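These notes are about the structure you will find just below.
Throughout, read-outs are computed from the coordinates displayed, never taken from laboratory work. Computed from a predicted model, the values in this text were never measured in an experiment. Cβ: placed from backbone, ideal geometry, glycine included. Neighbour counts: every protein chain shown.
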Ligand code: COS
């Protein structure tokens, strides 16, 4: 077994680390206050090719494998969780359906502008009455000649307000639902009947826009179906495959955030003097640091191994759910412990751990709650 990252990946990791330290860290306060990722930061992400890091080179992407993608997400997430979400939908949940199941024409048309970051793509599955129970979506797509007419509302859509393209899951056969009744469409901004609704105000992830999308008699041609006619009714499976990968990359991001929380705790433990010595000299603090570091290594090892397993062509549905479950829960514990090491200072906005603590909370919820991950794991154990 060789646990060394390939040379080209190590170079990329080093370049991103530099970008994080020189550009993203200093921009963190601005992102938080303005609740937006500044355009010069977005341009920097474009220049590094990050909008298309997992998209094959033939479509203008970097063509990184899953391990490479996880390493990048981990490194970027050390700085800021919302910067990751700015480009992650282009690599993951937004574009993957087109990559997996799109027609050759759809790939040619949509992937190059997504890969270079000229266009942002979002993924619209969740609805007010369909969160964990994804197959309960109600947005309908009714056939009318060579068109489909969509009606319904999507909520909590990351990048929804800024996206030029959206992958939308809609019901084409209410009787069949998840088994042949849900279809995936790719819909362009500006299509009559498609509009952006409410922008959410969130506890954390400031800078990552979360929007409601509204479809009112939105007419789209049959060739908006990802994969064309042949894929009518097969969209739920596409969405689930997309989420399998999304869960793994989110686990990698959780590891990156946890690493940052630990770095901050170590720094603080060395600097903060109480009872006449740095608090890092007290065994109770040392115990916290040791526990955090150990859990991070466990999470990172899982992610790298499962990413490698996926890159070998193995199914990883259960393992991706395990990574998401463990790493997001681990991040919750690490962020909490790091804040505890900071004491009262950690509760103050001027310390980065306050933001990380809030940003961490949603990782146990989005792209499938911890409870859904357990359900996926248990089903595989019992039925696999
Ligand atoms: N890959 C490929 N196909 C999958 C799949 C996967 N990971 N998971 C399910 N499917 C297929 C099943 O094989 C089944 O098709 P067949 O009957 O043809 O075999 C179909 O999809 C329905 O699957 P299932 O019966 O498991 O559906 P359920 O309604 O019971 O729900 C869960 C499945 C709970 C796993 C799903 O609703 C889910 O992931 N929920 C969470 C949604 C989520 O993560 N939301 C976050 C917001 S989106 S960013």
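Just a few scattered comments:
- If R0 is 22 Å, the Cβ-Cβ spacing of residue 173 and residue 109 corresponds to a FRET efficiency of close to 0.25.
- Relative contact order for the chain: 15 percent, from Cα pairs under 8 Å spaced at least 6 residues apart, divided by residue count.
- Bridge type composition, the chain - antiparallel percent by DSSP, nearest 5: 85 percent
- Kirkwood Rh, angstrom, the stretch 22-62 [1 / mean 1/r, Cα pairs]: 11.3 Å
- Packing here is the average count of other Cβ atoms within 10 Å per residue, and on that basis the peptides 124-133, 72-81, highest first, run 72-81, 124-133.
- Taking the Cα atoms of the chain, the ratio Rg/Rh between the radius of gyration and the Kirkwood radius comes to 0.99.
- Exposure proxy ranking, count of Cβ atoms within 10 Å, fewest first, for 257, 1: 1, 257
- Packing-based ranking, highest mean first, of 225-233, 144-152 given that Cβ atoms within 10 Å are counted: 225-233, 144-152
- Evaluated at q = 0.18, 0.21 Å⁻¹, a Debye calculation over the C-alpha positions of the stretch 121-233 (equal weights, vacuum) places log10 I(q)/I(0) at -0.84, -1.12.
- Adding -39500 (n - 2.57) for every DSSP H run of four residues or longer, then dividing by how many residues the chain holds, sets the calculated 222 nm ellipticity at -16500 deg cm²/dmol.
- Treating each Cα of the stretch 232-369 as an identical point scatterer and summing with the Debye formula, the log10 of I(q)/I(0) at q = 0.12, 0.17 Å⁻¹ comes to -0.52, -0.86.
- Gyration tensor over alpha-carbon atoms, the stretch 185-274, equivalent ellipsoid semi-axes in Å: 42, 20, 8
- Mean Cβ neighbour count within 10 Å, used as a protection proxy, ranking 46-57, 279-290 highest first: 46-57, 279-290
- In plain terms, the chain from residue 65 to residue 30 could stretch by 9.4 nm, reckoned as 0.36 nm per residue minus the Cα-Cα distance.
- Whole-Å distance, taken between Cα centres, linking the stretch 327-351 and the stretch 194-234: 34 Å
- Panel note: the C-alpha atoms of the stretch 214-264, placed on their principal axes, show extents of 52, 24, 13 Å (largest first).
- Label positions at residue 294 and residue 275, each projected 7 Å from the Cα along the C-beta direction, are separated by 2.2 nm.
- FRET efficiency, 1/(1 + (r/R0)^6) with R0 45 Å, evaluated for residue 345 and residue 147 via beta carbons: 0.15
- Nearest 10 degrees, 0 to 90: helix 370-383 Cα axis against the chain principal axis: 70 degrees
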